[in-house]
Amino acid sequence: MPVRPRRAAVNQMTSMGRQSDMQEQEIGVADIGGTHARFAFATLARGRPPVLGRETVLRVADFPDLRAAWRAFLDGVGRSAPRAAALAVACPIHGEELKFTNNPWRLRPAALAAELGVERLKIVNDFGAVGHAVAQLAPGDFTHVAGPRLPPPRPGVISVVGPGTGLGVAMTILGKETHHVVEAEGGHASFAPRDAFEDALAARLRAKFGRVSVERVVSGPGLAEIRAALPGAAEALAPADDKALWGAAISGADPLARAALHRFCACLGAFVGDVALIHGANAVVLAGGLLPRIVGLLPQTGFAEALSAKGRYAALMADLPVWLLRHPQPGLFGAAAAFAAKAD
């Protein structure tokens with residue numbers, strides 16, 4: 001994605017006041033999702049994008065809370081707690097207690113800095129962090145998916161969408177030299193069926209869950225729901241779990257799983273087009289852990305056609321540049337970038 005990375009401007013603060021512009025600041029960063037918690041140290045300096053250290057990945061299910069996982073990370077790298085930290089969390093960041101959608105941990109922002117042993121703490125939504133990353137990463141961190149190979153204009157708007165354990169949405173508003181990120185929970189918007197199969201899928205999900213959000217379909221667990229609704233699924237043995245199902249879908253070892261994957265990508269395209277219309281976007285960036293595994297399959301799945309199938313706005317949507325974010329840890333990078341933006 002040929003977007004010029006914005007250089008982060010960070011005011012280095014200590015208890016004694018402002019440091020020299022040439023000095024660096026090291027912070028701890030975390031990206032807490034539904035399945036994994038990722039940690040690293042990041043170096044911030046005025047005039048440079050964040051630089052991430054080595055990443056530690058822990059399973060959420062292995063720890064009772066964030067404090068225990070944070071301590072395990074620090075013990076594992078043989079470090080003491082840094083003076084400051086930034087967290088990207090997969091939930092809304094409002095209220096006295098933060099509750100994850102797909103994770104049993106609970107966070108109390110007022111007490112969290114003390115629990116982690118840091119003096120300063122920045123908390124952002126996980127896809128808000130990805131929005132910060134999108135504005136600052138280099139062109140080599142993006143792969144073209146659909147539409148023209150054009151960078152989003154400055155000023156301009158980028159819709160950021162990504163399926164994983166859940167379905168993340170954010171909006172990055174680019175200024176000429178700066179940017180602003182709007183965090184959102186668009187994955188919990190209602191699923192909009194487009195044909196008879198999706199009508200039946202929605203009815204099946206409604207009987208199971210009540211309200212049907214688009215995340216029930218366009219997320220890692222959604223592939224199993226789509227497969228189960230396909231003709232012949234009741235007679236065909238399904239792979240043992242979501243990981244095996246995704247592997248069988250990508251390899252083609254399970255024809256029903258591959259058919260479900262095609263439908264999944266079309267539903268993703270339709271949702272991405274809806275988000276872009278709502279945001280008035282000039283470009284779209286896809287993110288999340290699932291899509292890098294299937295980016296080569298997207299042209300075969302009807303993704304681009306579903307994205308642009310917006311009636312009177314079909315031609316406009318067909319001209320929308322769509323890119324895939326390939327940075328290995330956009331949540332960690334984005335958390336560091338959000339902390340830098342706060343300090344700026």
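Structural remarks
- Complete set of residues in the range 114-159 that are aromatic (Phe, Trp, Tyr) and surrounded by fewer than 24 Cβ atoms within 10 Å (Cβ to Cβ): 142
- Residue within the range 45-53 that is within 20 Å of residue 109 (Cβ to Cβ) and either within 20 Å of the chain's Cα centre (by Cα) or of a type in the set (Asp, Glu) (or both) present: no
- Residue check for residue 251: among the polar types (S, T, N, Q) and farther than 19 Å from residue 160 by Cβ: yes
- Those residues of the range 12-30 which are modelled with pLDDT under 75 and in contact with a strand residue (DSSP E or B) (Cβ under 6 Å, 6 or more places away or on another chain), in sequence order: 12
- Filter result (assigned to a loop (DSSP other than H, G, I, E, B), in contact (Cβ under 8 Å) with a residue 24 or more places away in the chain and closer than 19 Å to residue 217 by Cβ) within the range 230-247: 230
- Members of the range 106-144 that are closer than 30 Å to residue 296 by Cα and touching a helix residue (DSSP H, G or I) at 6+ places or on another chain (Cβ under 6 Å): 126, 129, 130, 132, 133, 136
Conditions tested, residue by residue: (1) modelled with pLDDT of 95 or more; (2) in the same structural domain as residue 288 (by TED's automatic domain parsing); (3) closer than 15 Å to residue 303 by Cβ; (4) in contact with a strand residue (DSSP E or B) (Cβ under 9 Å, 6 or more places away or on another chain).
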{"site": "223", "(1), (2), (3), (4)": "yes, yes, yes, no"}
{"site": "237", "(1), (2), (3), (4)": "no, yes, no, no"}
{"site": "248", "(1), (2), (3), (4)": "yes, yes, no, no"}
{"site": "261", "(1), (2), (3), (4)": "yes, yes, yes, no"}
{"site": "269", "(1), (2), (3), (4)": "yes, yes, yes, yes"}
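- Test: residue in the range 238-252 that is within 17 Å of the chain's Cα centre (by Cα) and crowded, with 16+ Cβ neighbours inside 10 Å: no
- Selected residue (only one of 271, 339, 333 is closer than 24 Å to residue 188 by Cβ and crowded, with 22+ Cβ neighbours inside 10 Å): 271
- Matching helices (runs of 4 or more DSSP H) fully within the range 286-344 where at least 3 residues are modelled with pLDDT of 95 or more: 303-308, 314-318, 330-343
- Pairs, first modelled with pLDDT of 95 or more in the range 31-43, second assigned to a loop (DSSP other than H, G, I, E, B), C-beta under 6 Å, six or more apart: 38/55; 40/53; 40/55; 41/53
- Filter pass, residue 194 being in a loop (DSSP other than H, G, I, E, B), of a type outside the set (Asp, Glu), modelled with pLDDT of 95 or more and in contact with a Ser or Thr (Cβ under 8 Å, 6 or more places away or on another chain): no
- Residues of the range 206-232 that are within 18 Å of residue 257 (Cβ to Cβ) and surrounded by fewer than 21 Cβ atoms within 10 Å (Cβ to Cβ): 221, 224, 225, 228, 229, 230, 231, 232.
- If you go through the range 100-112 and pick out every residue that is buried (at least 17 other Cβ atoms within 10 Å of the Cβ) and assigned to a helix (DSSP H, G or I), you end up with 1.
- Restricting the range 48-61 to residues that are surrounded by fewer than 17 Cβ atoms within 10 Å (Cβ to Cβ) and in contact with a helix residue (DSSP H, G or I) (Cβ under 8 Å, 6 or more places away or on another chain), the residue that is farthest from residue 328 (Cα to Cα) is 54.
The values are calculated or read from the model by the stated rules, or taken from the named source; none is laboratory data. Predicted, not measured: the structure shown is a model, and the values here were computed from it. Reconstructed Cβ throughout: ideal geometry from the backbone, glycine too, with neighbour counts over all protein chains shown.
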